[in-house]
Amino acid sequence: MSDKLVQRLQAIDALRGLVILLMLLDHVRETFYLHKQLADPIDVANTDPALFISRTLAHLCAPVFVFLTGLSAALYQQKKQSRKAVSLFLLKRGLVLVALELTLVNFAWTFSFPPEVLYLQVIWAIGLSMLALGGLLWLPLWAIVTIGVVLIAGHNLLDHIHAAPGTFWHLPWAILHDRGWIELGDSLRMRTSYPVLPWIGVIALGYCAGQLWQPACNRATRGKILLTSAASLLGLFVLLRLLNGYGEKPWQAGNTLGESAMAFFNITKYPPSLLFICLTLPVGLTLLALFERIEERSRTIAWLAVFGSAPMFFYLLHLYVLKGMYLVAEASWGKNQGDWFGFDAVWQLWFCMLLLALLLWWPVRAFARLKQQRRDIRWLKYF
């Protein structure tokens, strides 16, 4: 891989690292703030603004990560010069991620074996999206763009369609679009937390955006295109939100300016609405353009890139660390928040996240170096 491509990858890894830290914040919330449950979308009338902001920032994680997965596939193709090699890699990597979701990831959340519930969450969605992209990349680029846009912009037209449990379409529809439960027997069921149809659209657009990293497209041109795309998506978000008729649940002004602002930016993640993508993805595009502009003189970019260079390793590591922390805290101080042990304030979530980021950076860096030095150990590249 050329030095020029390595430089480009540092900005991508740094953006991936930033959203990983926002994911860490959200998972700290899901571990130590369960006494303050959040709906989807959030009930703004009964939610602390600080908690709303924390959760909304975490909304950046999935769309940016899935988009960058598609972009990275395009860069991998640029390196290999072979669609077949990229398609096979996406197939193998996607299957590995699905297997990890059903085993190590699910156990980290439930600590139950044999499992009674399988939660099909973001790793599952990324895995299935990679499988889909492995087939889509054989199409012309214009067709991949069209499919991506149609899936993202049009899937909300399907919101009223439901498949009843026990029918033939219930299983595929629950996986594709209609979040729900799948009964596998008397003692095992699955929760399709991340319906994958719009995520396939996001990974497809990420793959198409990878064309901006061709040698013929310089950094300045790429930055202008990224920023123009971001501004266009944000403009579409504002327009559709003001029309209040499509792409998201309707909103209405609250009793205060703060409630009204939260209502305006209150978006649905499961599955991601059109306006969810229109709000979150442009933030990622803007940050990517900024990171590319400052990467050569910023230590922060290099620090963040460490997390982004070994994302699956960090994902598994932080889940088990959080679970261990919770068990130790509950054993030491008991259930101080009703049925759970939990923090008293949102600032404690941020403090815990920052502390964990500083502590986990070291093992993640060590693993990233191992990946770099031991390319002969092929399974390391999946982490």
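The values are calculated or read from the model by the stated rules, or taken from the named source; none is laboratory data. These figures come from a predicted structure and were not determined experimentally. Cβ: placed from backbone, ideal geometry, glycine included. Neighbour counts: every protein chain shown. Protein only, heavy atoms only, side chains kept; ligands, DNA and RNA dropped before computing areas. Shrake-Rupley method; radii C 1.70, N 1.55, O 1.52, S 1.80 Å.
Against the criterion of being part of a helix (DSSP H, G or I), open to solvent by 50 Å² or more (accessible area, probe 1.4 Å) and at pLDDT 95 or above, I20 does not qualify. Kindly list, by first and then second residue, each pair from a residue in the stretch 309-320 that is farther than 13 Å from A366 by Cα and touching a residue at least 60 places away in the same chain (Cβ under 8 Å) to a residue that is assigned to a loop (DSSP other than H, G, I, E, B) and not polar (S, T, N, Q), limited to pairs with Cβ atoms under 7 Å and residues at least 6 apart or on different chains. Filtered contacts from the stretch 309-320: M312/F383.
Filter the stretch 195-240 down to the residues that are in contact (Cβ under 8 Å) with a residue 40 or more places away in the chain, in a loop (DSSP other than H, G, I, E, B) and open to solvent by 10 Å² or more (accessible area, probe 1.4 Å) and list them by number. Selection gives Q214, P215. Tell me, which residue of the stretch 105-124 that is outside any helix (DSSP H, G or I) and of a type in the set (S, T, N, Q) is nearest to L176 (Cα to Cα)? The qualifying residue nearest to L176 (Cα to Cα) is Q121. Looking only at residues of the stretch 119-140 that are among the aliphatic types (A, V, I, L, M) and more than 16 Å from V96 (Cα to Cα), we find that the one that is least open to solvent (accessible area, probe 1.4 Å) is L137. With the requirement that a residue be under 20 Å from the mean Cα position of the chain (by Cα), among the aliphatic types (A, V, I, L, M) and over 17 Å from K381 (Cβ atoms), what does the stretch 105-130 give you? Answer for the stretch 105-130, where residues must be under 20 Å from the mean Cα position of the chain (by Cα), among the aliphatic types (A, V, I, L, M) and over 17 Å from K381 (Cβ atoms): V105, A108, L118, L120, V122, A125, L128.
Tallying residues that are surrounded by fewer than 17 Cβ atoms within 10 Å (Cβ to Cβ) and either in contact (Cβ under 8 Å) with a residue 24 or more places away in the chain or part of a helix (DSSP H, G or I) (or both) within the stretch 37-52 yields 6. Candidates W213, W199: the one that is within 20 Å of the chain's Cα centre (by Cα) and among the aromatic types (F, W, Y) is W199. For the stretch 341-363, residues that are loosely packed, with under 13 Cβ neighbours inside 10 Å and more than 24 Å from the chain's Cα centre (by Cα) total 2.
Any chance the stretch 75-94 includes a residue that's closer than 17 Å to Y315 by Cβ, open to solvent by 20 Å² or more (accessible area, probe 1.4 Å) and part of a helix (DSSP H, G or I)? Checked against the condition, which is being closer than 17 Å to Y315 by Cβ, open to solvent by 20 Å² or more (accessible area, probe 1.4 Å) and part of a helix (DSSP H, G or I), the stretch 75-94 yields at least one hit. Taken across the stretch 53-60, residues that are at pLDDT 95 or above, β-branched (V, I, T) and open to solvent by 40 Å² or more (accessible area, probe 1.4 Å) do occur, with at least one present. Whenever a residue of the stretch 99-118 is more than 16 Å from T192 (Cα to Cα) and of a type in the set (G, A, S), its partners that are open to solvent by less than 30 Å² (accessible area, probe 1.4 Å) and at pLDDT 95 or above, lying with C-beta atoms within less than 6 angstrom and at least six residues away or across chains, give the pairs A108/L319. Being modelled with pLDDT under 95 and part of a loop (DSSP other than H, G, I, E, B) is a property that does not hold for K4.
With respect to the conditions (1) part of a helix (DSSP H, G or I); (2) open to solvent by 30 Å² or more (accessible area, probe 1.4 Å), N255 falls short on a single one, namely (1).
Of the residues that make up the stretch 274-292, is at least one open to solvent by 60 Å² or more (accessible area, probe 1.4 Å), free of Cβ contacts under 8 Å to residues at least 12 places away in the same chain and more than 25 Å from L197 (Cα to Cα)? Within the stretch 274-292, one or more residues are open to solvent by 60 Å² or more (accessible area, probe 1.4 Å), free of Cβ contacts under 8 Å to residues at least 12 places away in the same chain and more than 25 Å from L197 (Cα to Cα). Specify the residue that is most open to solvent (accessible area, probe 1.4 Å); the eligible residues are those in the stretch 293-340 that are over 25 Å from T103 (Cα atoms) and among the β-branched types (V, I, T). The selected residue is T300.
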